[in-house]
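Engineer: I'd like to ask you about the structure that follows.
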Amino acid sequence: MPGSLDGTETPEGFKSGFACFVGRPNAGKSTLTNALVGTKIAIASAKPQTTRHAIRGIVNRPDAQLVLIDTPGLHRPRTLLGERLNDVVRATWSEVDTVGVCLPADQKIGPGDTYLVGELAKLPRVPALVAVATKSDLVGPTRMAQHLMAIQALEETLGITWTHIVPVSSVTDDQLDVLADTLVSLLPDGPPLYPGGEVTDEPEETLVAELIRESVLETVRDELPHSITVAIEEMGLREGRPADKPLLDVYASMIVERDSQKGIIIGHRGERLRDIGEKSRRQIEALLGTPVYLDLRIKVLKEWQRNPKHLNRLGF
Ligand SMILES: Nc1nc2c(ncn2[C@@H]2O[C@H](COP(=O)(O)OP(=O)(O)OP(=O)(O)O)[C@@H](O)[C@H]2O)c(=O)[nH]1
């Protein structure tokens with residue numbers, strides 16, 4: 001008996017399953033996820049390694065439901081955080097039906113890419129691999145042809161098989177439909193895994209923390225390395241408000257490693273901190289559709305990336 005979506009029967013031949021995009025930092029994974037899902041969920045930014053959580057977007061079509069998981073990048077592990085992230089990545093890879101390996105067309109295939117694909121090849125159960133030549137708008141046909149040949153050549157050097165190789169651009173919407181069809185074709189038959197129009201099953205607190213982190217990175221640009229994380233201390237609707245005038249209280253901490261970084265975030269006379277707070281608040285309101293009171297603080301947790309106690313508290 002097929003499952004039902006909004007009370008209607010699942011059509012014959014309906015497909016559903018999971019996919020994730022992998023690739024070096026800045027390969028265009030988040031942008032591609034957003035372009036396919038059509039809602040901003042994963043966090044895209046010009047800075048590498050902004051995606052730390054497995055954020056899912058759902059592509060709902062009349063013939064299929066494709067659940068996209070946005071994993072953090074695989075690192076050559078140097079810190080405990082790096083190792084934990086790699087475990088998360090491998091666990092995700094083992095659960096999906098297909099992995100889209102994003103190889104940006106404006107960059108030569110490098111050691112980072114071969115390392116990544118090599119790691120995929122080592123999994124006990126290798127998912128269907130689709131090579132996605134991202135950012136096709138940035139190159140001409142000659143460069144694209146070279147790139148596609150280099151991608152093809154990985155089959156022999158790494159002992160893998162691409163089920164498909166698809167060039168796409170998330171910016172000009174080039175071939176996104178082809179990619180969606182390709183990924184859907186690799187899913188098993190089955191009813192929708194998530195009924196209704198949900199686009200994410202990530203807890204709201206995680207999304208809110210990611211939005212704040214994005215605002216910080218946008219505001220401080222190149223002055224702050226990636227040693228910042230955001231923790232939601234408390235989040236809830238304020239009691240005693242009339243039902244038509246809800247207010248969401250959010251108490252959040254931005255966690256940095258050094259006092260000097262705290263100064264960078266605060267800025268001259270606290271201007272930056274105010275900017276970050278304002279930007280974050282507007283984004284959270286847009287995401288959740290509720291007015292927000294945001295209490296944003298900065299904490300210095302020395303060397304949090306290396307300390308297991310801190311990592312556990314932060315959910316890594
Ligand atoms: N021209 C062009 N730029 C793109 C395209 N896709 C992504 N970008 C840009 O490339 C940069 C990185 O994109 P992201 O989607 O954040 O990359 P990512 O792979 O998720 O990056 P990490 O989170 O660091 O792993 C951003 O500045 C995007 O705007 C594309 O199709 N064309």
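Engineer: Rounded to the nearest 5, what % of DSSP beta bridges with both residues in region 88-203 are antiparallel? Please report the intermediate quantities before stating the final value.
Structural biologist: Details: 1 of 11 bridges.
The antiparallel proportion sits near 10 percent.
Engineer: Continuing with the same structure: With a 1.4 Å probe and all protein chains in place, put Val171, Val184 in order of accessible area, largest first. Can you show the working numbers first?
Structural biologist: Working: Val171 115, Val184 10 Å².
These residues rank, largest area first, as Val171, Val184.
Engineer: Quick one: pull the percent of accessible area on region 139-190 belonging to carbon and sulfur, 1.4 Å probe, ligands and nucleic acids left out.
Structural biologist: Working: 1570 of 2770 Å².
Here it works out to 57 percent.
Engineer: Another question about this same structure. Can you send over the solvent-accessible area of Thr161, 1.4 Å probe, protein chains only, in Å² to the nearest 10?
Structural biologist: 100
Engineer: For each pair in Lys29/Lys302; Lys15/Lys122; Lys29/Lys108, compute the distance between the two Cα atoms and list the pairs where it is over 23 Å. Before the final figure, lay out the partial values.
Structural biologist: Values: Lys29/Lys302 31 Å; Lys15/Lys122 27 Å; Lys29/Lys108 17 Å.
Checking Cα-Cα distances, Lys29/Lys302; Lys15/Lys122 exceed 23 Å.
Engineer: At 1.4 Å probe size, what's the solvent-accessible area of Val132? Round to the nearest 10 Å².
Structural biologist: Approximately 0 Å² of Val132 is accessible to the 1.4 Å probe.
Engineer: Among 295-301, 236-242, 100-106, what's the highest-first ranking by average C-beta atoms within 10 angstrom per residue? List each step's numbers first, then the result.
Structural biologist: Numbers: 295-301: 15.6, 236-242: 8.7, 100-106: 23.6.
Going by the mean number of other Cβ atoms within 10 Å, highest first, we get 100-106, 295-301, 236-242.
Engineer: In nm, what is the difference between 0.36 nm times the number of residues separating Leu138 and Asp106 and their Cα-Cα distance? Before the final figure, lay out the partial values.
Structural biologist: Working: separation 32, 0.36 × 32 = 11.52 nm, distance 0.62 nm.
Length difference between fully extended and current span is 10.9 nm.
The values are calculated or read from the model by the stated rules, or taken from the named source; none is laboratory data. Keep in mind that this is a model prediction, so the values were computed, not measured. Cβ atoms come from the backbone with ideal geometry, glycine included; neighbour counts cover every protein chain shown. Surface areas here come from the heavy atoms of the whole protein model, side chains and all, with no ligands, DNA or RNA. Shrake-Rupley method; radii C 1.70, N 1.55, O 1.52, S 1.80 Å.
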